[in-house]
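Student: Structure provided below as structure tokens; questions to follow.
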Amino acid sequence: MPAKPYNKQVDENNILLLRDILSELPQYATIAFRGIENTTSTRTRLGYARDIKTFYEYLCENNPFFRDKTPLDITTEDLSRLEAEDIEEFLHAMKLYTKNGRTYTNGEQALKRKLSALRVFFAYLYKNDRISSNAAEKVDMPKIHDKKIIRMEPNEVADFLDNVEYGSGLTERQKKYHEKNKVRDLALLSLMLSTGMRVSECVGIDIRDVDFDNMRIKIVRKGGKEAYVYFSDEASEALLEYLDERKKLIPEKGHEDALFLSGQLKRISVRSVENIVKKYSLTSVPLKHITPHKLRSTFGTELYRATDDIYLVADVLGHSDVNTTRKHYTDMDEDRKRRFRNEVQLREKRTIKP
């Protein structure tokens with residue numbers, strides 16, 4: 001029996017995790033999450049559920065009205081009594097809090113996600129007449145301050161890939177693993193840098209998804225949509241070398257189709273790729289915090305520089321809204337304006353006679 005597609009395995013795992021969380025919440029929460037099933041991904045619902053559970057735990061621990069309750073005891077009538085201030089207090093507390101002896105912090109984006117979860121949850125309950133008042137809709141979204149986009153410059157990309165190939169700057173312990181994994185790592189990172197694919201899309205690639213005739217790979221985008229990304233000749237060379245090694249490996253059961261394998265001969269995980277990027281970037285680009293997403297930003301930057309086509313960049317990166325892409329590359333617009341400053345000619349150049 002062939003192994004299940006990676007994205008289906010992820011969905012099934014997310015559903016099981018979601019059920020565990022919902023078992024600790026009242027029954028109406030399960031009904032609400034069933035109600036949003038057709039408009040959200042399993043990953044989104046799992047994130048929402050975690051945030052809702054955190055909110056319920058906060059109420060029971062900090063709100064005087066809920067002091068003697070557990071999350072399972074909170075009724076829809078209780079939710080109807082909440083005011084915007086209760087949710088604002090929760091968001092403020094989430095900026096910095098301690099749980100089980102460990103300190104947690106949440107920035108603007110994390111707080112926005114938590115409020116989004118509450119808004120969706122309360123909106124469903126209100127729309128279906130389970131609560132009489134919707135406090136979440138009265139709370140303003142946290143203002144998101146734009147951050148400087150971190151990306152690698154072309155010389156830094158070259159140093160990074162040299163580090164991947166030759167292991168420069170690695171510790172003696174890292175070098176032992178490097179010799180074993182350098183062909184895989186070079187193929188994986190060259191592919192990410194030449195396509196701009198997300199790390200989750202990369203780890204989900206099966207061998208049969210790679211099409212060398214058309215120099216493309218089939219991936220599954222966020223939301224489950226299939227798409228093709230096209231890789232460079234340089235990435236092709238690295239992939240072919242890795243596939244020669246891959247043929248000699250005997251994967252663990254259920255991981256036979258995976259393109260990239262871990263040291264345990266299982267499909268490589270997102271966390272493993274994050275660690276791989278961190279390892280090589282610490283010595284090659286020490287002044288920048290490079291993550292798999294920064295590889296994506298690096299690719300998008302170079303594609304935009306080469307084409308000046310924001311719509312093409314949005315399409316290749318899989319952004320559903322071009323404004324999302326434009327927001328990430330606004331800092332490059334000054335460079336573009338400068339390059340094209342002489343494109344509009346006011347008068348024909350004439351030779352002035354003495």
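Student: Quick test of your reading of the structure: VAL157 fulfils all but one of (1) touching a residue at least 24 places away in the same chain (Cβ under 8 Å); (2) not in a helix (DSSP H, G or I). Name the failing condition by number.
Tutor: Failing condition for VAL157: (2).
Student: Does HIS178 satisfy the condition of being out of contact with any His (no Cβ under 8 Å at 6 or more places or on another chain), over 28 Å from LYS218 (Cβ atoms), of a type outside the set (Asp, Glu) and surrounded by 13 or more Cβ atoms within 10 Å (Cβ to Cβ)?
Tutor: Values: out of contact with any His (no Cβ under 8 Å at 6 or more places or on another chain): yes; over 28 Å from LYS218 (Cβ atoms): yes; of a type outside the set (Asp, Glu): yes; surrounded by 13 or more Cβ atoms within 10 Å (Cβ to Cβ): yes.
Considered against the rule, which asks whether it is out of contact with any His (no Cβ under 8 Å at 6 or more places or on another chain), over 28 Å from LYS218 (Cβ atoms), of a type outside the set (Asp, Glu) and surrounded by 13 or more Cβ atoms within 10 Å (Cβ to Cβ), HIS178 comes out as yes.
Student: For THR301, all conditions in the list (1) farther than 26 Å from HIS178 by Cα; (2) of a type in the set (S, T, N, Q); (3) surrounded by fewer than 19 Cβ atoms within 10 Å (Cβ to Cβ) hold save one; what is the number of the exception?
Tutor: Failed condition: (3).
Student: Right, here's the next one. Report yes if GLU89 is among the acidic types (Asp, Glu), modelled with pLDDT under 95 and in the same structural domain as ILE36 (by TED's automatic domain parsing), otherwise no.
Tutor: Criteria not met by GLU89.
Student: Select, from LEU261, LEU240, LEU287, LEU265, the only residue that is modelled with pLDDT of 95 or more and more than 19 Å from GLU165 (Cα to Cα).
Tutor: Being modelled with pLDDT of 95 or more and more than 19 Å from GLU165 (Cα to Cα) holds for just one of LEU261, LEU240, LEU287, LEU265, which is LEU265.
Student: Restricting to the stretch 28-53, name every residue that is surrounded by 17 or more Cβ atoms within 10 Å (Cβ to Cβ) and touching a Phe, Trp or Tyr at 6+ places or on another chain (Cβ under 8 Å).
Tutor: The answer is ALA29, ALA32, PHE33, ARG45, TYR48, ALA49, ILE52.
Student: For the stretch 248-276, name all the residues that are touching a strand residue (DSSP E or B) at 6+ places or on another chain (Cβ under 8 Å), part of a loop (DSSP other than H, G, I, E, B) and closer than 27 Å to LEU170 by Cα.
Tutor: Passing the criteria: LEU249, LEU259, PHE260, LYS266, ILE268.
Student: Filtering the stretch 209-232 down to residues that are modelled with pLDDT of 95 or more and more than 20 Å from GLY300 (Cβ to Cβ), which residue is surrounded by the fewest Cβ atoms within 10 Å (Cβ to Cβ)?
Tutor: ASP213
Student: Name the single residue that is modelled with the lowest pLDDT among those in the stretch 311-328 being farther than 15 Å from TYR228 by Cα and buried (at least 19 other Cβ atoms within 10 Å of the Cβ).
Tutor: Applying the filter and picking the extreme gives HIS328.
Student: Look through the stretch 264-294, keep the residues that are under 16 Å from ARG184 (Cβ atoms) and aliphatic (A, V, I, L, M), and return whichever of them is farthest from the chain's Cα centre (by Cα).
Tutor: It comes out as LEU265.
Student: Right, another one. Check off (1) over 24 Å from ASN14 (Cβ atoms); (2) assigned to a helix (DSSP H, G or I); (3) out of contact with any helix residue (DSSP H, G or I) (no Cβ under 9 Å at 6 or more places or on another chain) for PRO286 and give me the number that stays unchecked.
Tutor: Only one criterion is unmet by PRO286, namely (2).
Student: Could I ask something else about it? Could you list, in sequence order, all residues of the stretch 190-232 that are of a type in the set (Lys, Arg) and either over 15 Å from the mean Cα position of the chain (by Cα) or more than 23 Å from ASP11 (Cα to Cα) (or both)? Don't jump to the end; show me each part of the working.
Tutor: Residues of the stretch 190-232 of a type in the set (Lys, Arg): 198, 208, 216, 218, 221-222, 225.
Answer for the stretch 190-232, where residues must be of a type in the set (Lys, Arg) and either over 15 Å from the mean Cα position of the chain (by Cα) or more than 23 Å from ASP11 (Cα to Cα) (or both): ARG208, ARG216, LYS218, LYS225.
Student: If the requirement is being in contact with a helix residue (DSSP H, G or I) (Cβ under 8 Å, 6 or more places away or on another chain) and more than 20 Å from ARG130 (Cα to Cα), which of these qualifies: LEU115, LEU96, LEU18?
Tutor: It is LEU18.
Student: Right, here's the next one. Tell me yes or no: at least one residue of the stretch 170-189 is part of a helix (DSSP H, G or I), among the acidic types (Asp, Glu) and in contact with a Ser or Thr (Cβ under 8 Å, 6 or more places away or on another chain).
Tutor: no
Student: Another question, then. Please enumerate the residues belonging to the stretch 73-87 that are surrounded by fewer than 16 Cβ atoms within 10 Å (Cβ to Cβ) and more than 15 Å from ALA32 (Cβ to Cβ).
Tutor: ASP73, GLU77, ARG81, GLU83, ALA84, GLU85
The values are calculated or read from the model by the stated rules, or taken from the named source; none is laboratory data. Just so you know, these numbers come straight off a predicted model, no measurement behind them. Every residue, glycine as well, gets a Cβ built from its backbone with ideal geometry; the counts of neighbours run over all protein chains shown.
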